[in-house]
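Computed from the coordinates by the stated procedures, all read-outs in this text should not be read as laboratory data. Everything numeric here is computed off the predicted structure, so don't read it as measured data. Cβ coordinates were reconstructed from backbone atoms using ideal geometry, including for glycine residues, and neighbour counts include every protein chain displayed.
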Amino acid sequence: MPKFNVMANHLVPRHSVMTHDEVEEMLSTYGIDRTKLPKILINDPCARAIGASPGDVIRIERKSPTAGTSLYYRIVVEERSVP
Amino acid sequence: MTLYQYIPKKIGKIQFALLSPEEIRKMSATKIITADTYDDDGFPIDMGLMDPRLGVIEPGLKCKTCGRKVDECPGHFGHIDLAMPVIHEGFTKLIKEMIQAICRTCGKVKLSEERIAKVRAKVDEIGDISYNPFDFSSYAARVRADAMGVGQCPYCGETSRKITLDKPTTFREEGHKLTPKEIRERLERVPDEQLFLLGINHMVARPEWMVLTSLPVPPVTVRPSITLESGDRSEDDLTHKLVDVLRINQRLQENRDSGAPQLIVEDLWELLQYHVTTYFDNQTSGIPPARHRSGRPLKTLAQRLKGKEGRFRSNLSGKRVNFSARTVISPDPYISINEVGVPIPIAMELTVPMRVNEFNIEQARGFVSRGPDVHPGANYVIRPDGQRLRITDRNKETLLEKVVVGYIVERHLMDGDIVLFNRQPSLHRMSMMGHEVRVMDGKTFRINLPVCPPYNADFDGDEMNLHCIQGEEARAEARIIMRVQEHILSPRFGGPVIGAIHDHISGSFLMTHKRMLFDSEEALHILSRTSYRGPLPEPDEVDANGVEYWSGKKIFSLILPDGLNIEYPSSIFTTEEESEEEDSYVRITCDEEGRSHLLSGPIDEKSIGAFKGKLVEKIVRDHGTERGRQFLDDVTRVAITAISLMGFSTGIDEEDIPEEAKQRISETLDEAEARVDTIVQNYNAGLLESLPGRSLKETLEVEVMRTLGRARDRAGQIASRYLGLKNSAVIMARSGARGSMLNLSQMSGSIGQQAVRGERIQRGYQGRTLPHFKVNDLGAQAKGFVKSSYKRGLKPTEYFFHSMGGREGLVDTAVRTSRSGYMQRRLINALEDLKVLSDRTVRNTSGVIIQFRYGEDGVDPARGVRSDAVDYGDIINNVLKEAI
């Protein structure tokens, strides 16, 4: 079966793994630590496509009709925390 | 009262654990052995369910355990020692998993030592990172599942047997019944150091405690008995249930001790299990609920907590309040939208605390001297030591002398006080707004009509609630953020939710459409009720006798704020070409002095209507909420005065159309029916070609529906050609005041196809809807096409089909409200702890970020213009206007 790359679809926003410095800068602008970030599962198709590993922070650049581009950040986790 | 009750404490941690039998006995004030409660003299029996050591419920008595009086003694637990162990109903699932996860002989968890070491490491890791109890419980569930799947004990080699759970509390091992006693013994064998594998913290719990050997008896304060008027005692449901438990427990013990047959003992044991189970939860699936003598199911522990009437939703999330009032609402177009009319009797019952200082002491004394029975009076004074004194006619003179600076006077509600006003269901924030009080005669709350849409209120008997604010901070918040005028623009779509309705729209339309003229008396009369102060402008027309006339547009322009520049199509706008002739395009511009003028177009729903009013929206946005409120108050009054001057009424004869029109409509409909007949013939002859993706039958239905729908529209068009803007019903429909052109064409033209589930009517007898038709008739009439108009009246079959369609509508609304209500509840429960912070992030109460910028763009929809923070089009428009 050919491998399907979700990132190629135009509806999927751009996902990228942030560098350590970028993460620290982002965390300090919001005044938070990693536990306060939204999560993304390691087996999420997008996280897998960009080869993220647990603990990485993914930057998601979404196109928005009202805001131009909006940024969202998610920390990669291994499993769901709430049942 | 002791001091410790007043010291506030902060909760650092909450831990949930199981009660061990020893703990239950240790915390027990007494063992309960008799099922009886009171003796013949009415005194509680020792070691009975109402033992005085369990706390006091009668005033005057002292608690035998702690010595305190009613309300001071918190009550004390007792306990029942069960003759045989029983399963705790709440833990059956967990017990089943644990029994399967452990070896049936050696009691060890069936996992290899390597696996155990891994789990240990993982558990420590979870504890280090988050200490989230959910992390533990979901992980523990997976470990348990792993152990349950192991077929042979890795330590003693015993093969596992299959355990089944017979709901609610019977366990079987390959068909053989496991008694609670056996289960308890097995659970006892699990070593402490292996409990973490089952998800249990061995410091606070042991699995065998899920099988009860002793039962805590809640204090009497938890299950108070009530004395009826007749002197009889009526016991709480919990007490009744505990009596049952005790009775069976006693019998079981006697039978067991006297060596009764195994069968009898087992029966009693099961009965005890039943009673203990229903004592915890009387709605356990699989067993009949325990009932009261009257047949009512008992309300036991779970029922006290669960659901809408349970402790959480009814007593903790929802509390009853003081300083509130409720009565029927009725309209008053002459108060402001910011106001609410309050009847005098309510104003004299609700009070506002007023702290006496040197500036208001005279005023405060005035309230006290008038007492509780004269309107701006007072009901209570509160001394600086906190003592409340009721003002009566007899003591008001003495109290008057006592009132000095530092006292608080609870004075009556007065004009100008701000109160919260609410109508259920409170679906959005506009369901509860701040209003200024206007004390009035009568017995109803009065509201102005433009605030009906946000409350979804009408006056067919609706009641509303009013809450009188008691604190200064709350009062300030209500005035600044909850006042009606602050809610004219809705956060839902950025447009006005408060605006003119019904007659306001008809009135302003009549007044401003084309060139409606008023003489000076009329013009002054209309303006007399507005905030406009100034002379009449130059008249628009002077007739041969020298009488001056003003156009409605000119009068209306006077209440507009200065500096408006706006144009848009009105509700009656049809096409660009006709807009001049129809006077349907609204243009408002300002002159050199800045005064705004309505140059063309009528003021109708598109200008001032609730949900649609562009003019209201613009004024609120550009000139502020205060000016917006004033404009709304003015427009509605102008419109009401104008419509009263001009007169306006409608009747069924407005839907009369000439004979020739009726003829043409009936011809059109006959034609359509004939066409349907041909389609049906073609279908029967197999000549119909099916549409892509549809069966032949579906194609037929689509074709027929389309033909008949078009016929209905044609009939409506013919009818509306005779219904011009002279017709009141048409004025209301076109201006957006009430009703639609479809309603009118159904009254004068044809009602059209009736539908159930979006299809022509199919149900009824075999092959036909009613006995009036031939079997397998697929024609228009036979499947629910209503040719008649409401005016002409329906034929019996048509009437029947129409009722079917109507009934579906009713059922739909009933179903929809309950379903959407539940959806809303779930949504609100999920979102209630989110808030937007000053950095425009959205976070929940634990600080987790939900959105990095509110709504991705950080724009408040109530302040932005169609999701943009700034209205660029408007700015360009204004600049261009200035350039000219």
Centre separation in Å (Cα based) which lies between the range B:375-430 and the range B:244-317: 50 Å
Can you return the lysines within cross-link range of B:Lys774? Criterion is Cα-Cα under 28 Å, with same-chain partners fewer than 8 residues away left out. B:Lys697, B:Lys783, B:Lys787, B:Lys795
Would you calculate the separation in nanometres between label points at B:Leu165 and B:Arg840, each defined as 7 Å from the Cα along the Cα-to-beta-carbon direction? 5.1 nm
Here the whole-number average of other chain Cβ atoms within 10 Å per Cβ of A:31-42 is 3
Lys/Arg Cβ at +1, Asp/Glu Cβ at -1, dipole of chain B taken about the Cα centre: which of B:Gly858, B:Leu536, B:Gly847 is farthest positive-ward? B:Gly847
Work from the charge dipole of the range B:324-487 (Cβ charges, +1 for Lys and Arg, -1 for Asp and Glu, about the Cα centre) and give the residue of B:Ile447, B:Val356, B:Gly416 farthest towards its positive end. B:Val356
Estimate the FRET efficiency between A:Glu79 and B:Asn315 by the formula 1/(1 + (r/R0)^6), using the beta-carbon distance for r and 41 Å for R0, to the nearest 0.05. 0.65
When the Karplus curve 6.51 cos²θ - 1.76 cosθ + 1.60 is applied with θ = phi - 60°, which whole-Hz ³J(HN,Hα) does each residue of the range B:442-449 get, with x for Gly and Pro? x, 10, 10, 6, 10, 10, 7, 5
Subtracting the Cα-Cα distance from 0.36 nm times the residue separation, let me have the gained length for B:Asp232 to B:Glu698 in nm, one decimal. 160.7 nm
Given an 8 Å cut-off on Cα distances and at least 6 residues of separation, report the relative contact order of the range A:11-77 as a percent. 40 percent
Quick one: dipole size for the range B:86-209, taken about the Cα centre, charges +1 on Lys/Arg Cβ and -1 on Asp/Glu Cβ, in debye to the nearest 20. 460 debye
Karplus 3J(HN,Hα) series, Hz, for the range A:35-41 with 6.51 cos²θ - 1.76 cosθ + 1.60 (x for Gly, Pro): 5, 8, 7, x, 10, 9, 6
Set of lysines with alpha-carbon distance to A:Lys39 below 26 Å, sequence-local pairs under 8 removed: A:Lys3, A:Lys63, B:Lys13, B:Lys118, B:Lys122, B:Lys835
Loop chymotrypsin sites (Phe, Trp or Tyr not before Pro), the range B:314-380, which have at most 11 other Cβ atoms in a 10 Å radius of their Cβ (DSSP): B:Phe359
At a Cα cut-off below 13 Å, give the aspartates and glutamates reachable from B:Lys110, other chains included and same-chain residues fewer than 8 away excluded. B:Glu97, B:Asp146, B:Glu158
Counting only DSSP loop positions in the range B:295-402, the GluC sites (Glu not before Pro) whose Cβ has at most 15 other Cβ atoms within 10 Å are B:Glu309, B:Glu349, B:Glu358
Which whole-number percentage describes the relative contact order of the range B:506-646, with Cα contacts under 8 Å and a sequence gap of 6 or more? 31 percent
Treating only the Cβ atoms of Lys and Arg (+1) and Asp and Glu (-1) as charged, compute the dipole magnitude of the protein assembly as shown about its Cα centre; round to the nearest 20 debye. 3380 debye
Take the alpha carbon atoms of the range B:784-852, find their center, do the same for the range B:618-656, and report the distance between the two centers in whole angstrom. 30 Å
So what's the angle, to the nearest 10 degrees on a 0 to 90 scale, between helix B:92-101 and the longest Cα principal axis of chain B? 60 degrees
Calculate, for A:Leu27 and B:Arg479, the FRET efficiency according to 1/(1 + (r/R0)^6) with r their C-beta to C-beta distance and R0 45 Å; round to the nearest 0.05. 0.70
Sorting B:Thr650, B:Ile679, B:Ser666 by the position of each Cα along the dipole of the range B:623-683 (Lys, Arg +1; Asp, Glu -1; all at Cβ), the one nearest the positive end of that ordering is B:Thr650
Could you tell me which GluC sites (Glu not before Pro) in the range B:806-884 are loop residues by DSSP with no more than 13 other beta carbons within 10 angstrom of their beta carbon? B:Glu832
For the modelled label position 7 Å from the Cα of A:Arg48 along Cα-to-Cβ, which residues of the range A:1-30 have backbone nitrogen atoms closer than 19 Å? A:1-17
Label-point gap, in nm, between B:Asp868 and B:Tyr822 - each point 7 angstrom along Cα→Cβ: 4.4 nm
In whole Å, what is the distance between the alpha-carbon centres of the range B:170-203 and the range B:34-79? 37 Å
Looking only at other chains, what is the average number of their beta-carbon atoms within 10 angstrom of each beta-carbon in A:61-67? 4
Entries in B:Lys96/B:Lys306; B:Lys26/B:Lys319; B:Lys93/B:Lys299 that, when Cα-Cα distance is taken, lie over 27 Å: B:Lys26/B:Lys319
Could you tell me whether the range A:11-77 comes out rounded, prolate or oblate from its Cα gyration tensor? Rule is a ≥ b ≥ c as square roots of the eigenvalues, rounded for a/c under 1.5, then prolate if a/b exceeds b/c, otherwise oblate. oblate
Can you tell me the FRET efficiency between B:Leu880 and A:Val17 if r is taken as the Cβ-Cβ distance and R0 is 51 Å, rounded to the nearest 0.05? 0.55
Please turn the phi angles of the range B:260-275 into ³J(HN,Hα) values with the Karplus equation 6.51 cos²θ - 1.76 cosθ + 1.60 (θ = phi - 60°), one per residue in order, whole Hz, x for glycine and proline. 5, x, 3, 4, 5, 4, 5, 4, 5, 4, 5, 5, 4, 4, 4, 5
Before anything else, pin down the relative contact order of chain B: Cα pairs under 8 Å, at least 6 apart, normalised by residue count, whole percent. 7 percent
